[in-house]
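What follows is a short report on a single structure.
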Amino acid sequence: QVQLVESGGGLVQPGGSLRLSCAASGFSFSSYTMNWYRQAPGKERELVASISSTGSDTNYKDSVKGRFTISRDNAKNTVYLQMNSLKPEDTAVYSCMFRRVPSVTYWGKGTLVTVSS
């Protein structure tokens, strides 16, 4: 069965860095665009970054451009999100997702990132 397992979250001070990982299994990982979403308390879930199946194309939410980097290792079936210069407004649960067909999506359970002094 499809599994997406995020890790790497935690408490970090403003200006700090974290690297999130999403380990995938149960599907042909290298065939799909992968996405990182986040949901802050009391807010709607939002798309943070996407990466194409080969890693050649990436897209970012405007507010994280220049600070976050999405990457993938298809040999390890893992997608990463390197987050630098973190701000309190980056505090959220971060989840990875992929869409198999337009109406079928798979989500991990998420990892909590808290940016606070």
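The values are calculated or read from the model by the stated rules, or taken from the named source; none is laboratory data. All values derive from a computational prediction rather than experimental measurement. For neighbour counting, all protein chains shown are included, and Cβ atoms are generated from backbone atoms with ideal geometry for every residue, glycine included. Accessible surface areas use protein heavy atoms only, side chains included; no ligands, DNA or RNA. Shrake-Rupley method; radii C 1.70, N 1.55, O 1.52, S 1.80 Å.
Residues whose amide H comes within less than 5 Å of that of residue 87, counting only those at least five positions distant or on another chain, are 15 (H built at 1.01 Å from N in the peptide plane). Phi angles across region 57-62 convert, under the Karplus curve 6.51 cos²θ - 1.76 cosθ + 1.60 with θ = phi - 60°, into 3J(HN,Hα) values of 10, 10, 9, 9, 5, 3 Hz, Gly and Pro given as x. Local charge for residue 106 was computed over the other residues whose Cβ lies under 10 Å away, with Lys and Arg +1 and Asp and Glu -1, and equals +2. Protein-only accessible surface at a 1.4 angstrom probe places the residues 47, 4 in the order 47, 4, largest first. Under the simplified labelling scheme, the residue 3-residue 101 pair shows an inter-label distance of 2.5 nm, with each label point 7 Å from Cα along Cα→Cβ.
For region 23-31, putting each phi into the Karplus relation 6.51 cos²θ - 1.76 cosθ + 1.60 with θ = phi - 60° gives couplings of 8, 10, 7, x, 7, 7, 3, 5, 9 Hz, in residue order, rounded to whole numbers and with x for Gly and Pro. Over what distance in Å are the Cα centres of region 1-18 and region 32-67 separated? Result: 14 Å between the Cα centres.
What does the charge count around residue 84 come to, taking other residues whose C-beta lies under 13 Å from its C-beta (Lys +1, Arg +1, Asp -1, Glu -1)? Value of the local net charge: +3.
Residue 106 exposes around 60 Å² of accessible area when a 1.4 Å probe is run over every protein chain in place.
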